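Right, one structure below, let's go through it.
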Amino acid sequence: SGVYSLTATNYAGTATSTTTTVTVNPAIAPVISGLPLTVNVEYGSQLWLSPNIVGTQPITYQWKKDGVNIANAISSYLSNSPVKTADHGVYTLVATNMVGSTTSLPVTVAVGAVVSPSITTQPVSVDVAKGGSATFTVTASGSPPLLYQWYDNGQPGKSATGSSFYLNAGSAANSGNYTVQISNDGGSVTSDVAELTVLPAKLPTISL
């Protein structure tokens, strides 16, 4: 802080600028606000904590869970997805600058119980002409993430890992029984059998 001026000199003489007063405000320790005291989050969803922080920059951050540093959690916000049972606990944020460190009020995070998958809409049997295509679809509920695996006569299908299963019915060899297994951390469930019937090709007919 102080009063500044500039003096410039050449062979003709000297000139002095007007003065400028510079005031350097004192550094301010970090202040953390805006965090809830408790958070209830569903299993498999996202945990998001984003406080309001003021103070003299630069500020560094470290999130803690139950008093222990969380690896790589060094942003002003905390994002965690998908949430697991082990994420239940008490979270704090430590913000540090040249003045010192400030620890936020604790946030208690409660994670809901995992809900096992259940099927709400079963796949439906399909008849398709030779050379055509078929799509089986299932609808399920439960804690995310839900994992899907379709089976062709008991054998897992390649790339058949979505809620819908598309296949080309090139020949009668594609006929068979199809099921899907849906799983998450709470368990698994297998759908009813959906049958694919590839109809034989018909000879062309000509009428006059």
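Please turn the phi angles of the range 33-41 into ³J(HN,Hα) values with the Karplus equation 6.51 cos²θ - 1.76 cosθ + 1.60 (θ = phi - 60°), one per residue in order, whole Hz, x for glycine and proline.
8, x, 8, x, 7, 9, 9, 9, 10
Multiplying the sequence separation of Leu147 and Thr60 by 0.36 nm and subtracting their Cα-Cα distance, what value in nm do you get? Mind dumping the intermediate values first?
Details: separation 87, 0.36 × 87 = 31.32 nm, distance 3.82 nm.
Length gained between Leu147 and Thr60: 27.5 nm.
Straight-line reach from Lys65: which lysines have Cα under 29 Å away, leaving out those fewer than 8 places along the same chain?
The qualifying lysines are Lys84.
So which lysines can Lys202 reach, going by Cα to Cα under 27 Å and dropping same-chain residues fewer than 8 places off?
Lys130
Once phi is turned into ³J(HN,Hα) by the Karplus curve 6.51 cos²θ - 1.76 cosθ + 1.60 with θ = phi - 60°, what whole-Hz value does each residue of the range 179-192 show in order, with x for glycine and proline?
9, 9, 9, 10, 9, 8, 5, x, x, 8, 9, 10, 6, 5
So, with +1 on the Cβ of K and R and -1 on the Cβ of D and E, and no other charges, what is the size of the charge dipole of the range 74-196 about its Cα centre, to the nearest 20 debye?
On the way: 3 positive and 6 negative charges, 49 e Å.
My answer is approximately 240 debye.
Report the paramagnetic label zone for Met98: residues of the range 59-78 whose backbone N is under 14 Å from a point 7 Å from Cα along the Cα-to-Cβ axis.
Flagged as within label range: 59-60.
Report the residues of the range 112-156 in range of a label on Tyr166: point 7 Å along Cα→C-beta, backbone N strictly under 15 Å from it.
Under cut-off, by backbone N: 132-138.
How large is Rg over Rh for the chain, taking Rg from the Cα atoms and Rh as the Kirkwood inverse mean of 1/r across Cα pairs?
Working: Rg = 32.8 Å, Rh = 23.3 Å.
Reported Rg/Rh (Cα atoms, Kirkwood Rh): 1.41.
Stretched out fully, how many nm does the piece from Lys158 to Val90 gain, at 0.36 nm a residue minus the Cα gap? Can you show the working numbers first?
On the way: separation 68, 0.36 × 68 = 24.48 nm, distance 4.26 nm.
20.2 nm is the gain from fully extending Lys158 to Val90.
Evaluate the charge dipole of the chain about its Cα centre and quote only its size in Debye, nearest 20, assuming +1 on the Cβ of each Lys and Arg and -1 on the Cβ of each Asp and Glu. Walk me through the intermediate numbers first.
On the way: 6 positive and 8 negative charges, 76 e Å.
Roughly 360 debye, rounded to the nearest 20.
Test of understanding: what is the full-extension gain from Leu6 to Ser75, defined as 0.36 nm times their sequence separation minus their Cα-Cα distance? Could the numbers behind the result be given before it?
Details: separation 69, 0.36 × 69 = 24.84 nm, distance 4.25 nm.
The Leu6-Ser75 span can extend by a further 20.6 nm.
Work out the charge dipole of the chain with +1 on the Cβ of Lys and Arg and -1 on the Cβ of Asp and Glu about the Cα centre, then indicate which of Ser45, Leu6, Gly132 is farthest towards its positive end.
Leu6
All of the numbers you see were taken from the coordinates with simple rules; none came from a lab. Everything numeric in this text was worked out from a predicted model, so none of it was measured. Cβ: placed from backbone, ideal geometry, glycine included. Neighbour counts: every protein chain shown.
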